[in-house]
Amino acid sequence: KQEVTQIPAALSVPEGENLVLNCSFTDSAIYNLQWFRQDPGKGLTSLLLIQSSQREQTSGRLNASLDKSSGRSTLYIAASQPGDSATYLCAVRLSTGTASKLTFGTGTRLQVTL
Amino acid sequence: EPEVTQTPSHQVTQMGQEVILRCVPISNHLYFYWYRQILGQKVEFLVSFYNNEISEKSEIFDDQFSVERPDGSNFTLKIRSTKLEDSAMYFCASKGVGAGASNEQFFGPGTRLTVL
């Protein structure tokens, strides 16, 4: 059974710092991995998707990497801003079946302070 | 930009009552999902739906749950007889299919269900 873990559970950084969020998964036979942002009491906003054949994806100040063989992904946020404060979730899709479910991690709650 | 919408945003019900949660997926998407998140816990998969039938379901999705696509735009989750432990945020998601379609699942804003 796929287990997804995120470290740290919570993180507080001053504005402007670069930071790394970690995601690990137990079954390396993934199809893709998706990073989401969740604001308190709100829905999930997709940030980046990495296919299993890719090593990284970039969008603006965000860069996600994937090391499938070691079961790890990282989300790098450059020059953090208070508006980045949210919970960040990673989710893996295990099967190659097109309808396959996502298995979510525990999330990292990020606070960026002024 | 197209988005998944859900109604209502918040539903309060008495234990034992039936509830129907509604979702309008992105218009050209053909894969639909329901997930839930109990307060303070992980987002959990409930069910996926394609071509008018369930593709996959979790052990949470028991006989009390059902899904339906009653017309060309809506996708619903029905809980027949709600329990206290059904209190959670319920998220609908959809995904495209075919050449050029993204593999991303796009999520709605959620419906917060409170069972009293």
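In this simple spin-label model, placing a label point 7 Å from the Cα along the Cα-to-Cβ direction at both A:GLU56 and A:ASP27 gives a separation of 2.9 nm. Cβ crowding within 10 Å ranks A:SER12, B:SER87 as A:SER12, B:SER87, fewest other Cβ atoms first.
Residue order for B:LYS42, A:LYS1, fewest other beta carbons within 10 angstrom first, comes to A:LYS1, B:LYS42. Taking the charge dipole of chain B about its Cα centre, with +1 at Lys and Arg Cβ atoms and -1 at Asp and Glu Cβ atoms, the residue from B:PHE49, B:VAL12, B:THR111 reaching farthest to the positive side is B:VAL12. The charge dipole of chain A, taken about its Cα centre with unit charges on the Cβ atoms of Lys, Arg (+1), Asp and Glu (-1) only, comes to about 320 debye. Distance between Cα centroids, the range B:64-86 to the range A:1-23: provide it in whole Å. The range B:64-86 and the range A:1-23 have Cα centres separated by 34 Å.
Test of understanding: ordering A:TYR88, A:TYR76 by Cβ neighbours within 10 Å, fewest first, what list do you get?
By the 10 Å Cβ count, ascending, the order reads A:TYR76, A:TYR88.
Since every read-out is calculated from the coordinates, none of them should be taken as a lab result. What you are looking at is a predicted structure, and each value in this text was computed from that prediction instead of being measured. Reconstructed Cβ throughout: ideal geometry from the backbone, glycine too, with neighbour counts over all protein chains shown.
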